[in-house]
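J.: Next up is a structure, given as C-alpha cells.
Nothing in this text is a laboratory measurement; each read-out follows from the coordinates by a stated rule. Nothing here was measured: the structure is a model prediction, and the numbers come from that model. All Cβ positions, even for glycine, are placed from backbone atoms using ideal geometry, and neighbour counts span all protein chains on display.
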Amino acid sequence: MTEVAKLEKHGSIAVLTIDSPPVNALGLDVRRALLKYISMAEADPEIEAVILACAGQTFSAGADISEFGKPFQAPDLGVVCRHIENSSKIIVAAIHGTALGGGLEVALCCHYRIAVPSARLGLPEVALGLLPGAGGTQRIPRLIGARKALEFITGGAPVSASAAREMGIVDEVADEGALVGSALEYVRKLIAGGAPLRRVRDLEDRIAADRQQPELFDEFRRSNARAFRGKDAPESIVKAIEAAVALPFEEGLAREFELFVELEKGLQAKAQIHAFFAERTASKVKDVPGDTPVLPVRTVGVVGAGTMGGGIAMNFLNVGIPVHIVETAQANLDRGIATIRKNYEISLKRGKLTAEALERRMSLLHATLDLGDLRDCDLIIEAVFESMPLKQEIFAKLDAVARDGAILASNTSFLDLNQIARATSRPDHVIGLHFFSPANVMPLLEVVRGDATAKPVVATAMKLARKIGKVPVLSGVCDGFIANRAMRARTEQADLLLLQNLSPDAIDAAIYDYGFAMGPFRMLDLVGLDVIGRDSTERSVAKDLVAAGRMGQKSGGGYYDYDEARAARPSEAALDIIRAHAAWKGIAQRSFSQEEIVARLLHPVVNEGAKILEEGIAMRASDIDVAMIKGYNWPVQTGGPMFWADAVGLPRIVETMKALEAEQGEAMRPSRLLVELAESGRTFGSL
Ligand code: CAA
C-alpha cells in the first residue's frame, strides 16, 4: 500500500500531510492514516500541536464518492472526525484549493482553521442528493448560526476564504503560496498565547440564540419551497440543522447520521452521484487518449453577432481570450455589441462582476465587418442563420481566410456537419460546437465530430469546453444531435396529448411535478408562439393560436391567458382552438391517468436515446443523461432519462413502448438496442 499521509516534526509542531491524489478524497486508506497519525502525535511527548495539511492541488474534496453504496468499512469518517476533535493537543487545519464536504468536516473538527485567500470551502453534498454526514450539519450552526447554516448547506456553493473568515468558519487567512509557513507561525502564536482547545461541538452561544426563534426553520422552508420541490436532500438538511439547535450535540449527530443513511439508500442520491461521475466521464473520448496533443486557442473568431454569436463570444471574453466578432452590416454589429455590454451590465448590477472586469472583457472584443480580420484566429465559430447554402458559403470563405491549422467550427443545431466540412479544404479541422441558448449561461456544449474531424481537434474542443466552464458531450452527426433530438420526442408527445383532449395545464403540471422548472406550453408562451415554427408552412396548434392573435405572454394569451402580472390562467379560448384543430385532424378524444401522462412524455425520450446509442451518435448512455441535465435542466434527482429507465426496469419500458406503438404506429416501435438489453437482463448503465 502506498503511504497516503506523512508526519513531519518542526520542533514541537508536527505537520501531518495527506497525499492521496487527485483530490485527497477521504477513502479508507486516508481515514486509517488519519487515525494512526493523530494517535502517534497524541502519544509523542515532544509534539505540542499538529497542523493538518494536504499535498497537491487541493485540501480535500471530501468523502470518496465512489465508496457510496458499497459495503461500509470502518473506521467511518465520523469516528475519524471525533478522534481529531477529542485530541488533547491543538490541531490546526491548513487549507488550500478546496475543502469540500467531508474535507471541510474534518477541518471543522480541528481546533482552528487557517486558509490561503484562493481557498474555497463548502458542503456540496446537497448536489449529490446527500447531506454532510460527518457532523457538518451539527458543527456549522455552532459556528455561524442556524439561519446562515441553512443557506450554506442547502445551497451547497463553496465560499472564499475571506467570506469563510467573515462567517466564522475560518480563523486566519494565510499568505498565498506560503500556507505551511503561515500555519506554523499561527500555531506558535496560539501556543504562546495559551489558546484553548477550541472544540466546535462545545460552542453553544449561536445555537442558544437560535433556540429562541424556532420559527426560522418553517420560514426557511416556505421561502425555498419552489427551489426544493421534488428533492429529498434539502428537507433532510433542514431537519438535521433543526436537530443541531434542539438537541444535545451527541443526539444531534445521531439524528444527522440517521438522515444521511436514509438519503444514501434512496434513489435520488444514486441518481445524483451517477450524474456527478457521468459529467466527468463525458469529457473522455474513447478513441482520443488523454495525452492527445491539443491545439492552442489564443484568439477566437465568431461569425454572427446575433443572440447566439454574442453569447458564444462572452464565454471566451469571460476567461480572457480575445474575440473578433464579424457581421455583415454595421447596425447588426452595433446591436450585437450593445447586447453583450448590456448582459455584462446586468452582472455588474447584481454584484457578480466589477466595473474593471467588465471593461477588461469588453476591451478583448474586436468588432468587424471584414472576415479577413479573422486571419490570425486559432478557432473560428460560425453562428449564423440555419441554412446549408449560407453555411457552406461562409465555410468556403473562412477556409480561404483562416491560417493553416486553425479550427473552423459551426454552431449549427441540426444541419449535416459533414456537408459543411466539405465546403472547405480542411474537413479534418472542422467540428461542431453546439451551444445551448442562452449560450453564455447554459452549461452544455455538444461537441459534434464529423467523419473527418481529426483527433487533436476533438481533444482541443473537449478541453476548451472545460476552460470556458462548459460540460462537453461528444455527439456524432445526425439531425438534432443528442439533446434536441431526444427532447423532440417529448415535444411531439406533448403536442399529441394536447390534441387527444388534455389541456396545456394538465401536461405542464405533469412535467412540473416530475421536477422540471416549467412545462412545454408555459415555455412556448414565454418564448412567443409567432417565433415557433416560423419556417414551416405546416398547420399547427401554435399557428392557429397566432392566427387568433394569441402570441403567448407578450400578447396576453397563448396556450394560457395572462393577467397584468403575467400570471397564467387556463384559457377556454385556447382550448376551443385546440379542440377545433383536433377535430380538423380527426383525432379521437380520450382521457388519461396522471401516471399515463408522465409515461407518455418520458418513454419516447428513452427510446430515442436508445436509437442515438444504437447509431453510435452518443458514446455512452450516461452522456445522454448529461446532455439532458445540462442542456434542458432535466431534473438531476432523476439521473437523466437513461438512468431513470434503468431504475424503472427496461422490460417495463419495452412494454410501455409496445403499447404506444400499437396506438401511434412505427415511430414508437421500441428500439432494437432497448429490446436486446431488456431481453438479456442488462441495463443502459452496463454498456
Ligand atoms: N470522491 C471521489 N472522487 C472524486 C471526488 C470525491 N469526493 N472528487 C473528485 N473526484 C475525482 C473526479 O471524479 C475526477 O476523477 P477522474 O480524473 O478519474 O475523472 C478527479 O477526482 C478530479 O476531479 P474533477 O475533474 O472534478 O477536477 P476539478 O479540479 O475540476 O474539481 C473538485 C475538483 C472541485 C474537488 C471537484 O472534483 C468536486 O467538486 N468534487 C466533489 C466534491 C464533493 O461533492 N464532495 C462531497 C463529497 S460527499 C461527502 O463528503 C459526504 C460526507 O459528508 C460523508
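J.: Once the dipole of segment 5-265 is set up with Lys and Arg at +1 and Asp and Glu at -1 on Cβ about the Cα centre, which of A243, S223, P132 lies farthest towards its positive end?
T.: S223
J.: Compute the signed sum of charges (Lys and Arg +1, Asp and Glu -1) over the other residues within less than 11 Å, Cβ to Cβ, of V297. Don't jump to the answer; show the numbers that get you there.
T.: Numbers: positive: R298, K463, K467; negative: D378.
Taking every Cβ under 11 Å from that of V297, the sum is +2.
J.: Can you tell me what share of the DSSP beta bridges in the chain is antiparallel? A percent to the nearest 5 is fine.
T.: Working: 19 of 63 bridges.
Taking every DSSP beta bridge with both residues in the chain, the antiparallel ones total about 30 percent.
J.: Taking the mean number of other Cβ atoms within 10 Å as a proxy for protection, how do you rank 657-668, 138-149, 380-391 from highest to lowest?
T.: Numbers: 657-668: 14.2, 138-149: 23.6, 380-391: 17.7.
Highest-to-lowest ranking by the protection proxy: 138-149, 380-391, 657-668.
J.: When Lys and Arg each count +1 and Asp and Glu each count -1, what net charge do the other residues less than 14 Å away from S162, Cβ to Cβ, add up to?
T.: Values: positive: R113, R120, R165; negative: E166, D171, E172, D175, E176.
Here the charged neighbours net out to -2.
J.: Using a 7 Å offset from Cα along Cα-Cβ at A55, what residues in segment 150-185 end up with backbone N under 11 Å from the label point?
T.: none
J.: Relative contact order of the chain, please, whole-number percent, based on alpha carbon pairs below 8 angstrom and at least 6 residues apart. It would help to have the intermediate numbers written out before the result.
T.: On the way: 1244 pairs, mean separation 59.8, N = 687.
Taking the mean separation of contacting Cα pairs over the length of the chain, I get 9 percent.
J.: Would you mind ranking T424, T683 by Cβ crowding within 10 Å, fewest neighbours first? If you can, show how the numbers build up before the last one.
T.: Numbers: T424 20, T683 16.
Ordered from fewest to most neighbouring Cβ atoms within 10 Å, T424, T683 come out as T683, T424.
J.: Still on this model: Calculate the FRET efficiency for R222 and E67 from the Cβ-Cβ distance with a Förster distance of 45 Å, rounded to the nearest 0.05.
T.: Numbers: r = 36 Å, r/R0 = 0.80.
Calculated transfer efficiency: 0.80.
J.: In whole Hz and in residue order, list the ³J(HN,Hα) couplings for segment 71-86 that follow from phi through the Karplus curve 6.51 cos²θ - 1.76 cosθ + 1.60, θ = phi - 60°; x for Gly and Pro.
T.: Along segment 71-86, the couplings run x, 6, 10, 5, x, 7, 5, x, 5, 4, 4, 4, 4, 5, 5, 6 Hz.
J.: How big is the charge dipole of segment 5-265 about its Cα centre, in debye rounded to the nearest 20, if each Lys and Arg gets +1 on its Cβ and each Asp and Glu gets -1 on its Cβ? Let's see the in-between values first.
T.: Working: 30 positive and 36 negative charges, 46 e Å.
My answer is approximately 220 debye.
J.: Turning to a different aspect of this structure: Just need the relative contact order of segment 64-119 here, percent rounded to a whole number, with Cα pairs under 8 Å and 6+ apart.
T.: Numbers: 48 pairs, mean separation 20.3, N = 56.
So the answer I get is 36 percent.
J.: Starting from the amide H of I91, placed 1.01 Å from N in the peptide plane, find each other amide H under 5 Å away whose residue is 5 or more places distant or on another chain.
T.: Amide H to amide H, under 5 Å and 5 or more residues apart or across chains, I91 pairs with V50, H111, Y112.
J.: In addition: Using the Karplus curve 6.51 cos²θ - 1.76 cosθ + 1.60 with θ = phi - 60°, work out ³J(HN,Hα) for each residue of segment 24-40 in order, rounded to whole Hz, and write x for Gly and Pro.
T.: 6, 5, 8, x, 3, 4, 5, 4, 4, 5, 4, 4, 4, 6, 5, 5, 4
J.: While we're here: Among L365, L417, which comes first, second and so on when ranked by fewest other beta-carbon atoms within 10 Å?
T.: Details: L365 21, L417 27.
Listed from fewest to most nearby Cβ atoms, that is L365, L417.
J.: For segment 277-331, what does the relative contact order come out to in percent, with C-alpha contacts under 8 Å and a separation of six or more? Intermediate results must be reported in sequence, preceding the final value.
T.: On the way: 39 pairs, mean separation 18.4, N = 55.
Once normalised by length, the contact order is 33 percent.
J.: Applying 1/(1 + (r/R0)^6) with R0 = 45 Å to the Cβ-Cβ distance of E655 and D451, what FRET efficiency is obtained, to the nearest 0.05?
T.: Working: r = 37 Å, r/R0 = 0.83.
E(calc), rounded to 0.05, equals 0.75.
J.: Take the alpha-carbon centre of segment 414-443, take the same for segment 232-276, and report the distance between them in whole Å.
T.: Distance between centres, Cα-based: 44 Å.
J.: Let me ask something else about it. Helix 483-499 versus the longest principal axis of the chain: what angle, 0 to 90°, nearest 10, using Cα atoms?
T.: It is inclined by approximately 60 degrees.
J.: Could you go through segment 515-530 in sequence order and give the Karplus-derived ³J(HN,Hα) for each residue, using 6.51 cos²θ - 1.76 cosθ + 1.60 with θ = phi - 60°, rounded to whole Hz, and x for Gly and Pro?
T.: After applying 6.51 cos²θ - 1.76 cosθ + 1.60, I find x, 6, 5, 7, x, x, 7, 4, 4, 4, 4, 5, 5, x, 6, 5 Hz.
J.: Check G557: other-chain or 5+ apart residues with amide H under 5 Å from its amide H, H built from backbone geometry?
T.: Answer set, sorted by chain and number: M551, G552, Y562.
J.: Right, another one. With each run of n ≥ 4 DSSP H residues scored as -39500 (n - 2.57), what mean residue ellipticity at 222 nm is computed for the chain after dividing by its residue count and rounding to the nearest 500 deg cm²/dmol? Please report the intermediate quantities before stating the final value.
T.: Values: 29 runs with 335 residues, N = 687.
Estimated from H runs of four or more residues: -15000 deg cm²/dmol.
J.: Further question: Between the alpha-carbon centers of segment 79-104 and segment 550-610, tell me the distance in whole angstrom.
T.: Here the answer is 54 Å between Cα centres.
J.: Long-range amide H contacts for V159: which residues qualify at under 5 Å (H placed 1.01 Å from N, peptide plane, sequence gap of 5 or more or a different chain)?
T.: L121, G122
J.: Express in nm, to one decimal, how much length is gained between L247 and N86 on full extension, taking 0.36 nm for each residue of separation and deducting their alpha carbon distance. Walk me through the numbers on the way to the answer.
T.: Working: separation 161, 0.36 × 161 = 57.96 nm, distance 2.01 nm.
Working it through step by step, the gained length comes to 55.9 nm.
J.: OK, next. Between beta-carbons, use under 10 Å as the cut-off and find the net charge around H429, counting Lys and Arg +1, Asp and Glu -1. It would help to have the intermediate numbers written out before the result.
T.: Numbers: positive: R426; negative: D399, D404, D428.
With Lys, Arg at +1 and Asp, Glu at -1, the net is -2.
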